[in-house]
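Enquirer: Below you'll find the structure I mean.
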Amino acid sequence: MQKNSNRFNRVEEEMKKEISNIISNKLKNPDITGLISVTKVKVTTDLKYARIYVSILNAKNTKGTLRGLKQSAGFVRSELAKSINLRNTPEIIFELDDSMEYGAKIDSILKDIIKDIKPEKGE
């Protein structure tokens, strides 16, 4: 069991690296804008499906960019098949990972709270 989970981790890490490269350098879809980071890859145990979690920053339209990624999933899968040697290349499912955006929002809230607290100490 342990040996198998190590294999999955290696496959997921390799897919994460390759998909990031494909999105950055090979995708030409005009709907896809902004900075796109592949944050996580989860592959099913039968290697039929791969859930790709992406973070989208500075996009003109986040939903449009995600839609463009979903439309380009077939192309990404075919490019992935060329670069990773697996018997079957998993079907790709893109999911939005908004944890970075959420973290930035929390950070902003905390900075506002600290800003509000500091003047009171000086009085």
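The values are calculated or read from the model by the stated rules, or taken from the named source; none is laboratory data. Keep in mind that this is a model prediction, so the values were computed, not measured. In this analysis, Cβ positions are derived from the backbone assuming ideal geometry, glycine residues included, and neighbour counts consider all displayed protein chains.
Enquirer: Restricted to region 40-53, and to residues that are surrounded by fewer than 17 Cβ atoms within 10 Å (Cβ to Cβ) and among the β-branched types (Val, Ile, Thr), which residue is nearest to Leu69 (Cα to Cα)?
Expert: The residue in question is Thr44.
Enquirer: A follow-up question, please. In this structure, is Ser72 at negative phi, out of contact with any Pro (no Cβ under 8 Å at 6 or more places or on another chain) and modelled with pLDDT of 85 or more? Quick ask: steps written out before the conclusion?
Expert: On the way: at negative phi: yes; out of contact with any Pro (no Cβ under 8 Å at 6 or more places or on another chain): yes; modelled with pLDDT of 85 or more: yes.
So Ser72 fits the description; yes.
Enquirer: Could you please find all residues in region 72-123 being in a helix (DSSP H, G or I), farther than 23 Å from Thr62 by Cβ and polar (S, T, N, Q)?
Expert: If the condition is that a residue be in a helix (DSSP H, G or I), farther than 23 Å from Thr62 by Cβ and polar (S, T, N, Q), then Ser78, Ser83 are the ones that fit.
Enquirer: What tally of residues in region 52-92 results from selecting those that are more than 14 Å from Ser20 (Cβ to Cβ), among the β-branched types (Val, Ile, Thr) and in contact with a Ser or Thr (Cβ under 7 Å, 6 or more places away or on another chain)?
Expert: Residues meeting the conditions: 1.
Enquirer: Hey, another quick one. When region 1-38 is examined, which residues are found to be more than 16 Å from Asn58 (Cα to Cα), crowded, with 16+ Cβ neighbours inside 10 Å and among the hydroxyl-bearing types (Ser, Thr, Tyr)?
Expert: Answer for region 1-38, where residues must be more than 16 Å from Asn58 (Cα to Cα), crowded, with 16+ Cβ neighbours inside 10 Å and among the hydroxyl-bearing types (Ser, Thr, Tyr): just Ser20.
Enquirer: Mind counting the residues in region 7-37 that are over 14 Å from the mean Cα position of the chain (by Cα), modelled with pLDDT of 85 or more and in a helix (DSSP H, G or I)?
Expert: Residues flagged as over 14 Å from the mean Cα position of the chain (by Cα), modelled with pLDDT of 85 or more and in a helix (DSSP H, G or I) within region 7-37 amount to 4.
Enquirer: Going by the structure shown, is Asn88 at positive phi, modelled with pLDDT under 90 and not hydrophobic (A, V, I, L, M, F, W, C)?
Expert: Numbers: at positive phi: no; modelled with pLDDT under 90: yes; not hydrophobic (A, V, I, L, M, F, W, C): yes.
Answer is no for this residue.
Enquirer: Another one. Report whether or not Thr62 is touching a Leu at 6+ places or on another chain (Cβ under 9 Å) and among the β-branched types (Val, Ile, Thr). Before you say what the answer is, go through the steps one by one.
Expert: Numbers: touching a Leu at 6+ places or on another chain (Cβ under 9 Å): yes; among the β-branched types (Val, Ile, Thr): yes.
For Thr62, the condition - touching a Leu at 6+ places or on another chain (Cβ under 9 Å) and among the β-branched types (Val, Ile, Thr) - is met.
Enquirer: Here is a follow-up. Of all residues in region 35-82 being free of Cβ contacts under 8 Å to residues at least 40 places away in the same chain and in contact with a Lys or Arg (Cβ under 7 Å, 6 or more places away or on another chain), which is farthest from Tyr102 (Cα to Cα)?
Expert: Among them, the one singled out is Lys42.
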